[in-house]
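All remarks here apply to the structure that follows.
The values are calculated or read from the model by the stated rules, or taken from the named source; none is laboratory data. On a predicted model such as this, the values are computed, not experimentally measured, just so you know. Every residue, glycine among them, receives a Cβ derived from its backbone with ideal geometry; neighbour counts consider all protein chains shown.
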Amino acid sequence: MQPRFTNTVVSTAHYFIASVVAGFAVLPITYLLWRAFSNGLSETINTLWRPRTFELFINTWWLILTVSTATMVLGVATAWVITNLTIPGKRLWIILVALPLAIPSFVASYAWLSAFPTVFGFWPLATVLTLCGMPFVTVPTIAAFAKADYAPAEVALTLGKSRLHVFRTLVLPQILPAASAGSLIVVLYVLSDFGAPSMMRYETLTVGVYSQLIGGAGHARAASLALLLTFSAALIIFAEQQLRRFNPQSATGAYRYQQKTARGAVGAGLVLLILLFSASVVAPLGALLKAMLGNERFATDWAKISEGAWSSLYLGIGAATIATLAGLSLAYLTARVKTWFSSLLETTTFVGNALPGVVLALAMVTLTLRLLPAIYQTTLSLLIAYVILFIPKSVGAARASFAQLPIQVEETARTLGDSKLAVWFKLSLPNALPGIAAGWLLVMTSVMKELPVTLMLRPTGTVTLATELWNASSINAYGAAAPIGVVLVALGVVPTLLLAASVKRVLPEQENLGAVERTENA
Amino acid sequence: MQIRKLVTFATAGIMALGLAACGSSAPAQKAAEKPADSKAEHHGHKKPEINKEETLVVYSGRNEKLVGPLLEEFTKETGIKVDVRYAGTPELAAQLVEEGEKTPAHVFLSQDAGALGLVSGKGLFSHMPHELAEKVDAKYSSKDHSWVGLTGRARVIAYDSQSLKAEEVPADIWELTDSKWKGQIGIAPGNASFQSFVTALRVAEGEEKAEEWLKKIIANEPQKFAKNGEILEAVNNGGVKLGLINHYYWARSEKDPKTLRAQLKFGKPGTPGALINVTGVGILKKAEANGNAYAFVEFLLSEKGQKYFVEKTFEYPLVAGIGEPANVPPLSELGGADIDLAKLDSLEETVKLLTKVGLL
């Protein structure tokens, strides 16, 4: 199916909302541009055109190429194992596979370094970031598998094609939009992350930005380096858009696949899941708990922790809901229409996600004070900042989900008399629910562990789990941080429940399972 | 389509608004005026009244677990409620600069002199009352009386006691350039206290010597960390043999410091390696006549406040006659580098130098 270059299903309301959202999302970039050139053009060029900057640039690109490939492969594999094999406890695994999202990257790095103190640098960092970033691919891909159409695959199998060939040509292309959207989010996450690269002593552009900023006088230099990050992000976003041009859509509706029951495959899949879960969730929590055993100085403040848990929860739910709702129009627009305008909207919305948190935080401070000083350091400004920061995560997942429904279905609905908006509400939206729920999950967990923006914009006295964790870890009181980490992961279960509910389709009913086994044994 | 054109212009309009907001110059950021005019008023002025109805807003770069109890003690003693914003010192300094005159903060409690110098340089501090500033030796506070030092932190070398004996560890920073330490040294070039140390080196031995030292250290392939705490962790784990940090990280570790694998070597007195860095506090312009802010600084400089720092955060008190923290040598024995600490405000040049040699 060729992508549409004229618009047949997207209502003008979507254009309007998407433009407004993109306009807000681009505000931090305008701040960045202003800051970067505030010392003059020659100073900016001096900062960018030197060996050290090249070194940081190359380091960053090696990292994102490695991590994006690894997360893509492992993420798709994990999603496939959960949806296509009859492993026990599927509902549980859907929750467990999303839990690494609740673990900040510096906690995962700490876990690695406390286990292997002399092993640091590129490969350990890539490993840690892959484990942390994998759910960004896994979660939307599970949603995509839930909606994938297996009818052509079944037919091809009966015609004698090998399983691998069938998977590669008929199933994989259907979930690739979701997987590549997830991969894009991973890349942006790696670009903006500071905690893990700094602890692993591998210098990326973001580490460079922070170093300049901490000097206090290097705002313009920091902003110039951040511009390089933005540029890298724009390149990748553009590449991903080009890749997406040729993704086919399925012709028929969803058809449930008979899931594999071969014991060898199920066993291998289970082992993979357990290994990944141990490495990405059990190990970091274990390291913190181990530190807790040696903690003699700092008592655990349970009152603060529960206050923080409550704040994290309502801030997370609030921001995730607003971000998801605000991003729906943009997601739908970019799924259906592929013109320069939709490309531009998407790029401007996504590119801010590559910025280090501290740069965005300073941008939001300036912008809030200039545009709406009355809401400075209130919960509202914090929520707005979270939405601007995390909307790409929900847009990416939702977009892939919208794209899975063939456009012909919507067009047919239109010929039957409904307006574009009515079709959207009645047809596209309900069908895309798994992807939207996936996006909601991604935003909520990101908000719960977000730090720099929270520290600068929160109402004075507001405490979140992330700020409490930072309090403890910044004086190396990792033992005191342990209970906070545990509560953070426990809270991370909450958003996964919505996703698990929306992908019930892939979970087999007990009767069907029995029927398959009987047929196989006959 | 007409509506889509409208929509495009609307978006462009929002972007333009954003650019305009950023482009318009903020008077607070361009002015670098020192609070010189108020100097005359403050000699021999009366202590401003405290106001129990008003909440004092403090921006604290110091960790909540460390100074939280002290601030609660202040509220108990004076009845003034305190609203504290905890964040990293450089981030708070950056935030104060961005906020300018619209800041809600009354007082800035900082972890290092560099950040205070940055905020002071933008003209955001008010003049520190004379009777408060004179409680501390002049060399530990700013020359223009915009901020006052509270406690001292000594630069030290943390070493792996399992593989090195105390005598083998260099006391002079120039010994670190020896090639036998290749790959064995941990530094935190992005960290404020390292940058203060490099500034001290520049001031004490001159620009060329400082650049030479930096280049020789880079040739020795140091491991670069983001924070001092991470350096201490690494020395404790055996990841690195020597680390350039501040003394108190060790002294207030979760475990008993004497049992740690990492032990401290203090620098040779009189050299930049023995630099005493300061934490300090400044009162912001809008709180110039604010009695609560005055009472706050007074409390921090009082015997109670200083004793708290000695016992709980293991830092050196800068007010005379208070004593010193456990497990470390007294301040008098250290004889920190012979440098006017106020000169350490000039961080910009240091950052430029570090950028030039490629450490930043």
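Being in contact with a Leu (Cβ under 7 Å, 6 or more places away or on another chain) and over 30 Å from A:N471 (Cβ atoms) is true for just one of A:L56, A:L48. Which residue is that? Steps first, please.
On the way: A:L56 fails: over 30 Å from A:N471 (Cβ atoms).
A:L48 is the lone residue from the list that is in contact with a Leu (Cβ under 7 Å, 6 or more places away or on another chain) and over 30 Å from A:N471 (Cβ atoms).
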What do you reckon, is B:L132 crowded, with 24+ Cβ neighbours inside 10 Å and in contact with a strand residue (DSSP E or B) (Cβ under 9 Å, 6 or more places away or on another chain)? no
Tell me, yes or no, whether the range B:276-284 has at least one residue that is away from chain A (no Cβ under 14 Å) and at pLDDT below 85. yes
Among what's in the range A:343-373 and is away from chain B (no Cβ under 11 Å) and small (G, A, S), pick the residue that is farthest from A:Y210 (Cα to Cα). A:S343
Count, please, the residues in the range A:111-129 that happen to be modelled with pLDDT of 85 or more and either within 9 Å of chain B (Cβ to nearest Cβ) or not in a helix (DSSP H, G or I) (or both). 1
Out of the residues in the range A:186-204 that are closer than 19 Å to A:V453 by Cα and aliphatic (A, V, I, L, M), which is nearest to the other protein chains (Cβ to nearest Cβ)? A:A196
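For every residue, the table says whether it meets (1) under 13 Å from the mean Cα position of the chain (by Cα); (2) within 11 Å of chain A (Cβ to nearest Cβ).
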site: B:G68; (1), (2): no, yes
site: B:E72; (1), (2): no, no
site: B:V82; (1), (2): no, yes
site: B:T103; (1), (2): no, yes
site: B:F108; (1), (2): yes, no
site: B:G123; (1), (2): no, no
site: B:S126; (1), (2): no, no
site: B:A133; (1), (2): no, no
Can you find even one residue in the range B:249-258 that is surrounded by 24 or more Cβ atoms within 10 Å (Cβ to Cβ) and more than 13 Å from chain A (Cβ to nearest Cβ)? no
Here's a check for you: in the range A:277-287, which residue that is of a type outside the set (G, A, S) and buried (at least 18 other Cβ atoms within 10 Å of the Cβ) is farthest from the other protein chains (Cβ to nearest Cβ)? A:F277
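Yes/no per residue for (1) under 23 Å from A:A397 (Cα atoms); (2) more than 14 Å from chain B (Cβ to nearest Cβ); (3) small (G, A, S):
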| site | (1), (2), (3) |
| --- | --- |
| A:A148 | yes, yes, yes |
| A:H165 | no, yes, no |
| A:P177 | yes, yes, no |
| A:R221 | no, no, no |
Of those in the range B:179-201 that are within 9 Å of B:P272 (Cβ to Cβ) and away from chain A (no Cβ under 11 Å), the residue surrounded by the most Cβ atoms within 10 Å (Cβ to Cβ) is B:A200
Wholly inside the range A:154-211, helices (runs of 4 or more DSSP H) that include 3 or more residues that are touching a helix residue (DSSP H, G or I) at 6+ places or on another chain (Cβ under 6 Å) are A:172-192, A:195-199
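Tell me which residues, restricted to the range A:9-30, are touching a Ser or Thr at 6+ places or on another chain (Cβ under 6 Å) and either modelled with pLDDT under 85 or more than 9 Å from every other protein chain (Cβ to nearest Cβ) (or both).
The answer is A:H14, A:I17, A:A25.
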Residues of the range B:84-101 satisfying the condition of being more than 19 Å from B:N290 (Cα to Cα) and either at the interface with chain A (Cβ under 7 Å from one of its Cβ atoms) or not aliphatic (A, V, I, L, M) (or both): B:Y86, B:A87, B:G88, B:T89, B:P90, B:E91, B:A93, B:A94, B:Q95, B:E98, B:E99
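Of all residues in the range A:305-335, how many are within 22 Å of A:P430 (Cβ to Cβ) and surrounded by fewer than 23 Cβ atoms within 10 Å (Cβ to Cβ)?
Total meeting the criteria: 5.
Quick one: which residue in B:E205, B:E167 is in contact (Cβ under 8 Å) with a residue 60 or more places away in the chain and either surrounded by fewer than 20 Cβ atoms within 10 Å (Cβ to Cβ) or more than 13 Å from chain A (Cβ to nearest Cβ) (or both)? Before you say what the answer is, go through the steps one by one.
Values: B:E167 fails: in contact (Cβ under 8 Å) with a residue 60 or more places away in the chain.
B:E205 is the lone residue from the list that is in contact (Cβ under 8 Å) with a residue 60 or more places away in the chain and either surrounded by fewer than 20 Cβ atoms within 10 Å (Cβ to Cβ) or more than 13 Å from chain A (Cβ to nearest Cβ) (or both).
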So A:G417 clears everything in (1) in contact with a Gly (Cβ under 9 Å, 6 or more places away or on another chain); (2) without any contact (Cβ under 8 Å) to a residue 40 or more places away in the chain; (3) away from chain B (no Cβ under 14 Å) except one condition, right? Which one? (1)
Just for helices (runs of 4 or more DSSP H) wholly inside the range B:247-336: which have at least 2 residues that are more than 29 Å from A:A299 (Cβ to Cβ)? B:291-301, B:331-334
Of the numbered conditions (1) more than 10 Å from every other protein chain (Cβ to nearest Cβ); (2) surrounded by fewer than 18 Cβ atoms within 10 Å (Cβ to Cβ); (3) within 30 Å of A:F238 (Cβ to Cβ); (4) modelled with pLDDT under 90, A:K290 fails exactly one; give the number of that condition. (3)
Take A:T300 and tell me if it is of a type in the set (V, I, T), within 20 Å of the chain's Cα centre (by Cα) and modelled with pLDDT under 90. no
Can you tell me how many residues within the range B:75-108 are part of a strand (DSSP E or B) and under 19 Å from A:T462 (Cβ atoms)? 5
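Here is a yes/no grid of residues against (1) free of Cβ contacts under 8 Å to residues at least 40 places away in the same chain; (2) of a type in the set (V, I, T):
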site	(1), (2)
A:L382	no, no
A:L389	no, no
A:V395	no, yes
A:T412	yes, yes
A:M448	no, no
A:M456	no, no
A:G485	no, no
A:L488	no, no
Residue among A:I82, A:I94, A:I87, A:I64 that alone is surrounded by 19 or more Cβ atoms within 10 Å (Cβ to Cβ), away from chain B (no Cβ under 14 Å) and assigned to a loop (DSSP other than H, G, I, E, B): A:I87
More than 30 Å from B:T355 (Cα to Cα), modelled with pLDDT of 70 or more and not aliphatic (A, V, I, L, M): does that describe A:F231? no
Return yes when A:T519 is surrounded by fewer than 23 Cβ atoms within 10 Å (Cβ to Cβ), modelled with pLDDT under 90, part of a helix (DSSP H, G or I) and not basic (K, R) and no when it is not. yes
Given the conditions (1) assigned to a helix (DSSP H, G or I); (2) touching a residue at least 40 places away in the same chain (Cβ under 8 Å); (3) more than 10 Å from chain B (Cβ to nearest Cβ); (4) farther than 28 Å from A:L270 by Cβ, every one holds for A:N39 apart from (1)
